Amino acid sequence: METLKLCESEYRFATIVWDNEPISSGDLVILCNKYLGWKKSTTYTVLKKLCERKVLINENSKVYSLVKKEQVQKYESEQFVNRSFGGSLPQFITAFMGDKKISKYEADKLKKLIDSYRED
């Protein structure tokens, strides 16, 4: 699962690709300069690294993702819950909620979501 493990700068870079794909490598350089403050060489170094890891593909100067944003988010979320809460979703939700209150609509929506994943 090393493919799904992105450091912060790789994730921000991949987000630019996900939000604009397919994107020309030239346009990617422009966007990385605008949003990340990167030079052309930095953009191409990170692009090459993520292509080697099969996260992205650069074909005919067009950049596409091979791994979707949702896959990375799912992996990162699972890693966080496992590392920080011993894999306990109830402990995570308790910590996340703190003193927050949610509406009846939100509670009902969460209940339906949980019920859809329940083992019977």
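Results, tabulated for the structure shown:
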read-out	value
Amide proton proximity set for Leu66, modelled H, under 5 Å, gap of 5+	Leu56, Ile57
Separation of the Asp99 and Phe80 label points, Cα + 7 Å toward Cβ, nm	2.3 nm
Computed FRET value (nearest 0.05) for Ser88 with Ser116, which takes r as the C-beta separation and R₀ as 25 Å	0.80
Karplus (6.51, -1.76, 1.60) ³J(HN,Hα), θ = phi - 60°, over the stretch 53-68, in Hz, Gly and Pro reported as x	7, 6, 8, 10, 9, 10, 10, 6, 6, 10, 9, 10, 8, 9, 10, 8
Long-range HN-HN contacts of Ser24 with modeled amide H, under 5 Å	Val63
Calculated percent of Cα pairs over 24 Å apart (choose from (1) 16; (2) 44; (3) 29), label	(2)
Where a label projected 7 Å from the Cα of Ser9 along Cα→Cβ would reach, residues of the stretch 47-76 with amide N under 17 Å	47-53
Cut-off 14 Å between beta-carbons: net charge of the residues surrounding Ile57, Lys and Arg +1, Asp and Glu -1	+3
Rounded Å value of the spacing that divides the Cα centres of the stretch 82-118 and the stretch 30-72	34 Å
Listed pairs Lys34/Lys74; Lys40/Lys62; Lys5/Lys74; Lys5/Lys48 exceeding 18 Å between Cα atoms	Lys34/Lys74
Per-bin percent of Cα-Cα distances, the stretch 2-69 [5 Å]	3, 19, 35, 29, 12, 1
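Each value in this text was obtained by applying a stated rule to the coordinates, not by laboratory testing. Quantities reported herein were computed from a predicted structural model and do not represent experimental measurements. All Cβ positions, even for glycine, are placed from backbone atoms using ideal geometry, and neighbour counts span all protein chains on display.
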